[in-house]
1. Of everything in region 10-41 that's over 18 Å from the mean Cα position of the chain (by Cα) and within 25 Å of Phe260 (Cα to Cα), which residue is least open to solvent (accessible area, probe 1.4 Å)?
2. Select from region 254-266 the residues that are assigned to a loop (DSSP other than H, G, I, E, B) and either closer than 28 Å to Tyr28 by Cα or among the charged types (D, E, K, R) (or both) and list them in ascending order.
3. Restricting to helices (runs of 4 or more DSSP H) lying wholly in region 70-153: which have 2 or more residues that are surrounded by fewer than 16 Cβ atoms within 10 Å (Cβ to Cβ)?
4. Looking at (1) closer than 30 Å to Gly143 by Cα; (2) aliphatic (A, V, I, L, M); (3) within 16 Å of the chain's Cα centre (by Cα), which is the one condition that is false for Val56?
5. Test Lys221 against the criterion of being in contact with a Gly (Cβ under 7 Å, 6 or more places away or on another chain), of a type in the set (Lys, Arg) and either surrounded by 23 or more Cβ atoms within 10 Å (Cβ to Cβ) or at pLDDT 95 or above (or both), and give yes or no.
6. Look at region 178-196 and say how many of its residues are touching a residue at least 12 places away in the same chain (Cβ under 8 Å), away from the ligand (no atom under 11 Å from the Cβ) and not hydrophobic (A, V, I, L, M, F, W, C).
7. From the list Leu44, Leu62, which residue is crowded, with 18+ Cβ neighbours inside 10 Å, away from the ligand (no atom under 13 Å from the Cβ) and not in a helix (DSSP H, G or I)?
Amino acid sequence: MVDSPPHSPLFTFGVIADIQYADIDDGYNYLRTHRRYYRSSVQLLEALDGWSRAAVKPGFILQLGDLIDGFNKPLAASDRALETVLREFGSGSAEVHHVWGNHELYNFSRDRLWGSQLNSAPRGSPRGPGGRAYAYHFSPHPGFTVVVVDAYDVAVLGREESGHEYREALGLLRRHNKNEDLNTPPGTKALLFVMFNGAFSKNQLGWLDSVLTSADEKREKVIIACHLPVHPKAADPICLVWNFDDVLAVIRSHNSVVCFMAGHDHDGGYYLDEDTGVHHVTVEGVIETPPDSNAFAIVSVYEDRMELKGSGRVADRVLVFPQHDHDTEKR
Ligand SMILES: Nc1ncnc2c1ncn2[C@@H]1O[C@H](COP(=O)(O)OP(=O)(O)O)[C@@H](O)[C@H]1O
């Protein structure tokens, strides 16, 4: 009897979030509920080993933001820390797509980020939507598009205090958050309106809408990568994009999106939006992962699903793609 060949994925990719490396002793999060392993977080890039041992090597890695910790900034260690982590990434062969998180903006100006290795948009491409958002898309395989989006397009973080972008973001934040310390969440509603979050501008929403329209027309499947989650059931609400509902409305008006991947909430999270069939995956943060554990995943993509194989704190999941009318017509 001839064995049938194992069913191979179309392609695979690696995912990792919130490494937040700093060469400092362990500490805690703001509420002192979770230990943070700043120094050993870089060792957890043994993810690279896991990825290289995979039967089908990942075509790319999605680094979901907060690569180095904000504590590097006052220590004047930002460049050194970034080099340390990027050196680790450099030892792997897959290209890395970097998402920008709040800690990128604690360490570097946006201008610096645009000119750094953390800008993984295709070389020479102009700045993203509105000439200001770090957002781009690429096709890892025919029929699939990955969209990297910028949750800090409208934000106080990363904007010059003298500029109109800063004033626009501060005005929005103050309308929803009356606290003097804008990192302190407002009352029970609008918890997400804190300085360490941000929003999508109208320009970026319009751009996302047009990318998804084109993907719909080509019947492609789209994976969106963002630092901040957008579904209130996929993460602690304090972690969401300020205008998460606008982003969800754009996603819901298209058939092409199959998965939204985010970081920021170090406890991770998952929710299947029943209305659309879109999987919202929030990946557990490396920074709050003890050195004897791990937090990364390899995702194998098939025609009808993605199989996420987690390591350490990241759970395995089978993410079946939503079925739309045109899918059944095709068959
Ligand atoms: N509940 C809170 N009240 C006030 N400040 C907070 C609160 N949570 C976080 N912060 C502050 O906001 C900033 C970002 O919080 P942090 O937990 O460090 O974010 P991250 O999870 O991205 O590392 C830090 O300066 C932190 O001290």
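1. Of region 10-41, the ones over 18 Å from the mean Cα position of the chain (by Cα) are 10-11, 22-40.
Applying the additional criterion that residues be within 25 Å of Phe260 (Cα to Cα) yields 10-11.
On the way: Leu10: 59, Phe11: 19 Å².
The extreme case among them is Phe11.
2. Of region 254-266, the ones assigned to a loop (DSSP other than H, G, I, E, B) are 254-256, 263-266.
Gly263, His264, Asp265, His266, listed by residue number.
3. Details: elements: 78-90, 102-107, 110-114.
Hits in region 70-153: 78-90, 110-114.
4. For Val56, the failing item is (3).
5. Working: in contact with a Gly (Cβ under 7 Å, 6 or more places away or on another chain): yes; of a type in the set (Lys, Arg): yes; either surrounded by 23 or more Cβ atoms within 10 Å (Cβ to Cβ) or at pLDDT 95 or above (or both): yes.
Against the criterion (in contact with a Gly (Cβ under 7 Å, 6 or more places away or on another chain), of a type in the set (Lys, Arg) and either surrounded by 23 or more Cβ atoms within 10 Å (Cβ to Cβ) or at pLDDT 95 or above (or both)), Lys221 qualifies.
6. Here is the first cut: in region 178-196, the ones touching a residue at least 12 places away in the same chain (Cβ under 8 Å) are 182-183, 185, 190-196.
Remaining after also requiring away from the ligand (no atom under 11 Å from the Cβ): 190, 192-193.
Next, from what is left, pick out any that are not hydrophobic (A, V, I, L, M, F, W, C): none.
Residues meeting the conditions: 0.
7. On the way: Leu44 fails: not in a helix (DSSP H, G or I).
One residue alone meets the criteria, Leu62.
The rows are residues; the columns are (1) touching a residue at least 24 places away in the same chain (Cβ under 8 Å); (2) more than 16 Å from the ligand (Cβ to nearest atom); (3) more than 30 Å from Tyr30 (Cβ to Cβ).
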site: Arg219; (1), (2), (3): yes, yes, yes
site: Lys233; (1), (2), (3): yes, yes, no
site: Arg305; (1), (2), (3): no, yes, yes
site: Leu319; (1), (2), (3): yes, yes, yes
site: Asp325; (1), (2), (3): no, yes, yes
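The values are calculated or read from the model by the stated rules, or taken from the named source; none is laboratory data. Every value quoted in this text rests on a predicted model; they were computed, and no experiment measured them. Cβ sites come from the backbone with ideal geometry, for glycine too, and all protein chains shown count toward neighbours. Note: accessible area is taken over every heavy atom of the protein model, side chains too, but ligands, DNA and RNA are not part of it. Shrake-Rupley method; radii C 1.70, N 1.55, O 1.52, S 1.80 Å.
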